[in-house]
Amino acid sequence: MKPVGAAAMSELAAVLKERVGLHVRPEGHAALRLAVTARLDELAGVADGDAYLRLLRGEDGDDELRRLLPLVTVGKTSFFRDERQFRALAALLPGLLARPRGGGRRLAIWSAGCATGEEPYSIAMSLAEAAAEPEHVEILATDVNPEAVAHAARGVYEPRRLREIPDELRAKYFDAAGERPHVRPLLRRFIAAIRPHNLVSAVFPRPSDGGGWDLVFCRNVIIYFDTSTTQQVLTLFHGNLAPGGYLFLGYSESLFRLFEGFELTEVAGAFVYRRPEVRMTPIPVHRPVRPQLPLPASPPRVRHVDTRPPAPTATPAPAGAQGGRGEEPLAPQEFLDGAIALFAEGRFGAARELLERWIEKGGEDLAVRLTLANLYGILRQPDQARASYLAALALEPLSAEAHLFYGIHLLAAGEHDGAALELSRALFLDPDLSLAHYYLGRCREAQRDPDRARLAYRNALEAHRRRPEGKRQVFLGYYPDIPEDGGAFARAAEYALAAL
């Protein structure tokens, strides 16, 4: 393994912060080191962390940084992360396990983006606590980072990584002998395989019996993909899930106005996506939906799954955690539908209040935060808009859309340097974002830099020409003040070039 020293790690974290706004705290350096080590193993002639820094700062630095980013887990993975989703899993398991217990095919679960293994081992503990037999279950764990996969296969963790596991489960499923705890064989028996796999590929794995997956966990992964890649991945997930199978995404990941074919389902207080039993053709959404119906008295509720509540031993959530059937479900799509309907009627204040109510109830969603930030801007509440954009970036620091619209907000506020930085970050993450090129040109003009303004406007025109005819830019948030026709900004770029 090629060395990556502590000083190099700190400098690498600074590069990520500057170039893409991604803040890697010291506790996340171990995960960053795994990502960098994976890249060093692929690069001939790059001997260590210092050499890798020189590469990032060199002529080919942008291309290499784009290869590094999908491998960076930022240290966010943990055992039983998002306890509401594990309550949902525990609630689903009795029904799902009835099939293999009755002589049917095994329960098939795929942890797609397993990082260093905390997620698949958490799933395995939930299964064991539900009295599942290993021969009744097949768990596949995959990740794009081969170093993370090797770490997951070893199943050895620092003691601090196990703090989220209840004491009873930690004693039962981990052997504390030696310097670091490791997974006991009892738990390993549930894991069929841990191997590398890139979700940006044309072939997805299938269960060993050739059927579909009953459960797919792909949390906090697709947010790092562009729109077309996300739609490709979701289409493949849909095709590889068994009818009635469930897709678990991260709480800040939404399919709203992005992909149709799954139904949003509430299970034990958590929201997951489900492939319907009836055959349905998945449809990537290529343009925002503009609901014209008035908002009902309260947001419509989504489908509920009638499951037994999880047994206490199958619920690894910390004591005192909130959740359960008594709470009002928090479905971001439903609130966004309602807010957009109010938008269309010109009732901006009511739309703002609806989204604020959802957030006050504990919801977090990137599309909601961005839509709300834009609303604050329309209502001339710049401080609230800034706070909402920053909250969106805290959710997903690698969202090109969040950097783009925060940059537009800063430009309108006269903060030209800050705007240029955010727009540059957006373009690093998505070089074909013609809107960002155009607004960066506006920034450069405000900075009295005509040469770089011309370059930005030319890049806007080139990005527009590269976009397939008829294909529009899809955003998670709702921005009625931004024309859907990308040609409008191309024409504005042409006029600006002529004026310069």
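A few comments on the model shown:
- Shown for the range 151-255: the carbon plus sulfur share of the solvent-accessible area, taken with all protein chains present and a 1.4 angstrom probe, equals 51%.
- In order along the range 8-22, the phi-based Karplus estimate (6.51 cos²θ - 1.76 cosθ + 1.60, θ = phi - 60°) of 3J(HN,Hα) comes to 5, 4, 5, 5, 4, 4, 5, 4, 5, 5, 5, 7, 10, x, 8 Hz; Gly and Pro are listed as x.
- Label point at ASP62 placed 7 Å out along Cα→Cβ; residues across the range 19-46 whose backbone nitrogen lies under 14 Å: 19-20
- Evaluated on the range 145-276, the Kirkwood hydrodynamic radius is 17.1 Å, with distances taken between all distinct Cα atoms.
- Average accessible surface area per residue within the range 1-112, 1.4 Å rolling probe, Å²: 43
- Taking packing as the residue-averaged number of other Cβ atoms within 10 angstrom, the listed peptides 137-148, 184-195 run from highest to lowest as 137-148, 184-195.
- Modelled this way, with points 7 Å down the Cα-to-C-beta line, the labels at ARG206 and ALA177 are 4.2 nm from one another.
- Segment ALA14-ARG467, extension gain: residue separation times 0.36 nm, minus the distance between their alpha carbons: 159.8 nm
- In terms of overall dimensions, the C-alpha atoms belonging to the range 177-251 reach 47, 30, 23 Å along their principal axes, ordered largest to smallest.
- Probe 1.4 Å, protein heavy atoms only - accessible area per residue of the range 158-277 in square angstrom: 40
- Expressed as a whole percent, the accessible area of the range 351-476 that falls on carbon and sulfur atoms is 46 (1.4 Å probe).
- Largest-first principal axis extents, alpha carbons of the range 424-469, Å: 33, 19, 11
- Each of VAL137, THR116, ALA6 was scored by the projection of its Cα onto the charge dipole of the range 1-157, and the greatest displacement toward the positive side belongs to VAL137; charges sit on the C-beta of Lys, Arg, Asp and Glu.
- Shape call, the range 394-439: gyration tensor on alpha carbons, a/c limit 1.5: oblate
The values are calculated or read from the model by the stated rules, or taken from the named source; none is laboratory data. Remember, it's a predicted structure, so these values are computed and weren't measured experimentally. No Cβ is skipped: glycine too gets one built from the backbone with ideal geometry, and neighbour counts run over all protein chains shown. The accessibility values were calculated without ligands, DNA or RNA, using every heavy atom of the protein model including side chains. Shrake-Rupley method; radii C 1.70, N 1.55, O 1.52, S 1.80 Å.
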